[in-house]
Structures are given as structure tokens and as C-alpha cells.
1. Within the stretch 143-174, track down each residue that is over 22 Å from Ser421 (Cβ atoms), open to solvent by less than 30 Å² (accessible area, probe 1.4 Å) and aliphatic (A, V, I, L, M).
2. Give the stretch 180-224 a look and list any residue that's exposed (fewer than 15 other Cβ atoms within 10 Å of the Cβ), touching a Phe, Trp or Tyr at 6+ places or on another chain (Cβ under 8 Å) and without any contact (Cβ under 8 Å) to a residue 60 or more places away in the chain, or say none.
3. Any residue that is in a strand (DSSP E or B), touching a strand residue (DSSP E or B) at 6+ places or on another chain (Cβ under 6 Å) and not acidic (Asp, Glu) - is there at least one of those in the stretch 175-191?
4. Please go through the stretch 22-45 and pick out each residue that is part of a helix (DSSP H, G or I) and either touching a residue at least 40 places away in the same chain (Cβ under 8 Å) or closer than 16 Å to Lys56 by Cβ (or both).
5. Using beta carbons and a limit of 8 Å, which pairs, at least six apart or on different chains, have the first residue in the stretch 293-308 and at positive phi and the second one open to solvent by less than 80 Å² (accessible area, probe 1.4 Å) and part of a strand (DSSP E or B)?
6. Tally time: how many residues in the stretch 324-361 are without any contact (Cβ under 8 Å) to a residue 40 or more places away in the chain, open to solvent by less than 40 Å² (accessible area, probe 1.4 Å), assigned to a loop (DSSP other than H, G, I, E, B) and within 15 Å of Leu287 (Cβ to Cβ)?
7. Within the stretch 400-454, can you find the residues that are among the hydroxyl-bearing types (Ser, Thr, Tyr) and over 26 Å from His172 (Cα atoms)?
8. Could you run through the stretch 252-283 and say how many residues are closer than 18 Å to Ala322 by Cβ and open to solvent by 50 Å² or more (accessible area, probe 1.4 Å)?
Amino acid sequence: MATTDRSFVQSLWDFFCSLKLTISLLISLALTSIIGTIIPQGKLAPEYVATISPIKFQIYSKLGFFDMYHSMWFITLLYVFSLNLVCCSVKRLPHVFKFISEPTLVLGESLRKGFSLKQDLSFSTSLDKGREALAAFLGKEFGTPVVTEQNGEYHLFAQKSAWCRLGVYVVHLSILVIFVGAIIGSLFGYKGFAAIVEGSNVSSIQARNGAEIPLGFDLRCEQFTVSYYDSGAPKEFKSILTVLENGKPVKDYTNVRVVVNEPLTYKGFTFYQSSFGQASESSDHTLSAKSRSGDLSQRFTLREGQAITLKDGTSLKLLETAQDISQFMPGFSGPAARVEVTPKGKAAQTFIVLKNYPEVNAQRDDDLLFQYEGSNAKMYTGLQVAKDPGVWVVWLGCTLMVVGLFIAFFMSHKRVWIVVSKGHARMYGNASKNQAAFQMQFEELSDKFKNLKI
């Protein structure tokens, strides 16, 4: 029974130490990351939901594809990968540490045959003087040697950068630190959204689940501007934001410019420019109507969704407005309104009225000419808000990873032995990686070694 238990435990240990498991987990994490990149995450736009079938939507929802990086099975992959890294490190680190702390000081005959880098030297002085001269040479040109005497021979050993063999374990540690930071952010951080009308403040944000989260300070949108390409697509939208504490602007956080990829961060909250729009609430829009014959001229003010009946019985309803029509009608610019007009006794018609192009409005064959004269409407800025207390832990992990990768790829453990016997010495060299570069260094050392006058 004990043998069976031990065999099962050993098999489980070997499974978690397996390189195959590591590769499988890395592939699985890469695939899930691709899914999380292709499929929109978080709050879904209605336009996207309309493009997929209800069955596909249900499947994606149950699998957690819309919140990939918080799904249980993705987090499980991270936990298993972390356990795999720990097990691999625990299994191999003692051997590597012993290799560093207890190097091979004496080269036996079998070990000497395995070296391709070696150089011979003959000398005429005594063995002790030869050993002293070679020890001084090795200490000056490479590193302070450890001298060991065995079977009438002296073995001189020196090494450089032995600790670089731990570089891969620094990388392992960095990955674990990054995971810890991600877990901290997942458990104690959150994301939300804030819409701020120009000139107004907000003191809380709306989380993904709809809950209101207080900021602990106020954020005011001083101004919002947007520019467009000729095609009508937004070119740049920019918010000017001010942070308020106890109703007073905070120094260095007043009139801060926020655009896409240039967020504002304050007290752990990061505000990203996300969207924008025209604030329809409490916005008055002015239009005018006049007949081609001049019998009717009327000017009126409406809000979106409101209707009015003109003197001649024509009904007009203001459907929606835009501060700049270029995003909908390339080639035109400026404010515009979409209206629904129902002449008395006739069918309703829907069309767009432009402020800056009265000649376009006049091209309609109707008796009444409509003009959109503008509004007092303000813009609102939509901000994605994130708070991640684990971000500094993640940055620490990233720093450790850069250091570990540099050590692992650009540094090598270099070792040199000199075996001294009576009247003869032979130097051997070895490096853990980048043998070509070490060979050049060894050849330079060999030239000095063979020219020694002992």
C-alpha cells in the first residue's frame, strides 16, 4: 500500500514538473488571450450583439468569453501554470545551486577528454614555482583561482558569473509576481464608466455590475472638443479635466488634457478617454420655418423628441441633432438636425436640416423651408475608469523579468582550469552558453598563457 501511495505521489510530482505541461499551458494561455483579443470584453455594444446569433451569444456567455480574463477556467490555467513553475524550480534549483556553490575543482582524466578548448605549456622551473606563477597569471587575467593538490598535481580553478545560471529562476519568479499582481487587481480592483457633461462634476463612477462607486473626490469636465477627418470619422476627441478636493482644484491636476492613450491618473484611479456625445438633457434647439411665398415665417425652440404644430397646421418633430454632421454626411460640416415633418393632410417625411447649407435645405420641393439655427447643447465625455492596486506588483514583476531575461540570454558562466604537473601545464576552458564568444576570449588567454616565461 505504501509503495502504491508513493508511486502515485511521485507520478503527480513528475506531472507538475513536466516540460510538456509547461508547453501545453503556454499554448492554452496564448489561445485564450487570442480569444480575449478578438471577442469584445466587458460591456457589449448593442451593434456587436446584433451581429451574432442568440445561441452563439449564450455559448460565449457561459464559457466566459465576454470576460475572459476573469473567467474561472482562465484563472485556473494561471494557478496550474504557477504551480508548474514552482514545482520545476523546486526540483531543479537545488541541483543548480549545488553546481554553483560546489564547483568541480579537480579535473579527472575523463573530464579532461571532454574539453575542446585547451592549451599546453612547458616550463623548466620547479613545480611549486610553476604553480605560483600560473596562479598569479590566472588571477590577473581571469579570476582568483582555487588551488587543489591531488596525486602530485595542482589544479587551479577560476570562474566568472556563476550566479547567472539562476537567471531562468529570476524569470520564473517574475512570472509568479506578475500573477500575484494580477490576482490583487482582480480581487481588489475594478473598472467602470463615467459620463461628464461639459462644466459639470462627478463624484462616483458606475461599475460593470451597475453599482455606484464613490471616487472620494470630484472630477470636472472643463471642456470637450472633437475634430473629424474629411470622411467624417473622428480624428481626435479631447477632454480637459480638473480634479477637485473639497470643492477646490488640486494643484497639477487642473485643466489636464486627456486623449486616447494619454489618460489621467489620480489616487489609483485611471481615467481613459473612451467615447463622447451630445448631451440631450436640458438642451434647447432653435429652428425656423418660412414659406416660399413669404406668407409664413416662424421661429421656435424644441428639445429632442418634442413636437410642435405650425400656424398652417404642419406638425414638426425634432428627432435628433448632431454638433457636426461630417461623421454622417462626408463633405458637409457643422450642426444639423433630423426632423419629422407632417404637412396637414399629407404623409410624414423625415429629412436632415443643415445649419451651414441653406441652399441644400432649399432644394426640397416643399412649400416650407426649414433652417436649423443651433442650440445650447453641451458635449459629454465618456471615460473608462480603472483602479488596479496590483499594478505596481505587476511592474515589479516586469522589471524582474527584464533582469532575468538579460541574465539568462546575455550572460554565461565561464570556467577555466589549469592542471600543473612537473615541467608541464595544461589550461582548459568552458562556458555555459555562447561558446563562440568565449572561444575568442579563451584564445586571447591562451596566447598569453603559452608565452609565459616560467
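1. Result: Ala162, Val171.
2. Matches in the stretch 180-224: Ser203, Ala207.
3. yes
4. If the condition is that a residue be part of a helix (DSSP H, G or I) and either touching a residue at least 40 places away in the same chain (Cβ under 8 Å) or closer than 16 Å to Lys56 by Cβ (or both), then Thr22, Leu25, Leu26, Ser28, Leu29, Thr32, Ile35, Ile38 are the ones that fit.
5. As it stands, the answer is Gly305/Lys317; Gly305/Leu318; Gly305/Leu319, since those pairs meet every condition given.
6. 1
7. Ser421, Tyr428, Ser446
8. At the first step, the residues of the stretch 252-283 found to be closer than 18 Å to Ala322 by Cβ are 275-283.
Add one more test, that the residue is open to solvent by 50 Å² or more (accessible area, probe 1.4 Å), and what stays is 280-282.
Total meeting the criteria: 3.
The values are calculated or read from the model by the stated rules, or taken from the named source; none is laboratory data. Just so it is clear, the model here is predicted, and its values are computed rather than measured. For neighbour counting, all protein chains shown are included, and Cβ atoms are generated from backbone atoms with ideal geometry for every residue, glycine included. Just so you know, the surface numbers come from the protein's heavy atoms only, side chains and all, with ligands and any DNA or RNA stripped out. Shrake-Rupley method; radii C 1.70, N 1.55, O 1.52, S 1.80 Å.
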